[in-house]
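A.B. asks: Please find one structure pasted underneath; my questions will follow.
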Amino acid sequence: YAAPQGGFKPRPPREWSQGTKSGAAVLFKDPSYKFNNLGVTVTPVKVGSLREFATVEQAAEKLVSFEKAKESTMQATVNQLAERTSQEGELFYDFDYSLETTRGNKRVLSTVCIRNNKLYIANGQYFCGDACVDDSAEILAAIRASLETFSVD
């Protein structure tokens, strides 16, 4: 998949179908459970780079604070953080966190990048019930693999 207007390329799991969601540039859904998904949002920002915005740790704190402020969130826990640089030299921040919500438990994997004053967020959600600590879950692995190949133009 390549965005029609250019700018980014996600590689969703092969069997996932394209859908729509308000605010998302693109969304892909797991055919076995529609609430498992992978989406991309693109938002104009005033900063030119992730480093201008925050360190990966500071960004994670802001992300968790935002999640905790939602009425449906009971608990938000960061599992893993990472910085990586793409082959093209773009800096990405990767987040893996768990949410306990009134709508169920989920793992969220995100990768973010700022390029040309646009914030690109590729976000995958896995509704995991009581299995959120299971890093070997097949859906979680598929989402992680997709996010590792996410690129911006």
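A.B. asks: Between A131 and N79, what is the label-point separation in nm under the 7 Å Cα-to-beta-carbon projection?
C.D. replies: 1.2
A.B. asks: Continuing with this model, one more query. Return the Rg/Rh value of segment 30-75, two decimal places, where both radii are evaluated on C-alpha atoms and Rh is the Kirkwood radius.
C.D. replies: Working: Rg = 14.5 Å, Rh = 13.4 Å.
My calculation of the ratio gives 1.08.
A.B. asks: Let me ask something else. Residues of segment 23-52 with backbone nitrogen within less than 17 Å of a virtual label 7 Å along the Cα-to-Cβ line of K62, please, listed as ranges.
C.D. replies: Once the point is set 7 Å along Cα→Cβ of K62, 41-52 turn out to lie under 17 Å by backbone N, inside segment 23-52.
A.B. asks: Another question, then. Check each of the GluC sites (Glu not before Pro) in segment 13-85 and keep only those in coil by DSSP with at most 12 other C-beta atoms within 10 angstrom; list them in order. Mind showing how you got there, number by number?
C.D. replies: Values: sites: E15, E52, E57, E61, E67, E71, E83; in loops: E15, E71.
Sites meeting the loop and neighbour criteria: E15, E71.
A.B. asks: Which ³J(HN,Hα) values in Hz, rounded to whole numbers, follow from the phi angles of segment 136-147 under the Karplus curve 6.51 cos²θ - 1.76 cosθ + 1.60, where θ = phi - 60° and Gly and Pro get x?
C.D. replies: For segment 136-147, the Karplus-derived couplings read 8, 4, 4, 5, 4, 5, 5, 5, 4, 4, 5, 5 Hz, x marking Gly and Pro.
A.B. asks: Taking volume of the Cα convex hull per residue in Å³ straight from the coordinates, which label in (1) 178; (2) 195; (3) 116 is the correct one?
C.D. replies: Read-out taken from this structure: (3).
A.B. asks: C128's amide H: which non-local residues (gap 5+, or another chain) put their own amide H closer than 5 Å, with H modeled 1.01 Å from N in plane and none for Pro or chain starts?
C.D. replies: Here the answer is N105, K106, R107, since their amide H atoms fall under 5 Å of that of C128.
A.B. asks: Continuing with this model, one more query. Counting heavy atoms of the protein chains only and a 1.4 Å probe, report the per residue accessible area for the chain as a whole number of Å².
C.D. replies: Values: 8700 Å² over 153 residues.
Here the residues of the chain average 57 Å² of exposed surface.
A.B. asks: Further, regarding this structure: Could you look at the chain and say what percent of its accessible area is carbon and sulfur, using a 1.4 Å probe and all protein chains? Don't skip to the answer; put the middle values down first.
C.D. replies: Numbers: 4260 of 8700 Å².
Result for the chain: 49 percent of the exposed heavy-atom area is carbon or sulfur.
A.B. asks: Just tell me the longest site-free run in the chain, where the sites are trypsin sites (Lys or Arg not before Pro) in a DSSP loop having at most 14 other beta-carbon atoms within 10 Å.
C.D. replies: Values: sites that count: R14, K21, K34, K46, K70, R103.
The answer is 104-153.
The values are calculated or read from the model by the stated rules, or taken from the named source; none is laboratory data. Here the structure is a predicted model, which is why all the values come from computation and not from measurement. Methodologically, a virtual Cβ is constructed for each residue, glycine included, from the backbone with ideal geometry; neighbour enumeration extends over all protein chains shown. For the accessible areas, the whole protein counts, side chains as well, though only heavy atoms, and no ligand, DNA or RNA atoms are used. Shrake-Rupley method; radii C 1.70, N 1.55, O 1.52, S 1.80 Å.
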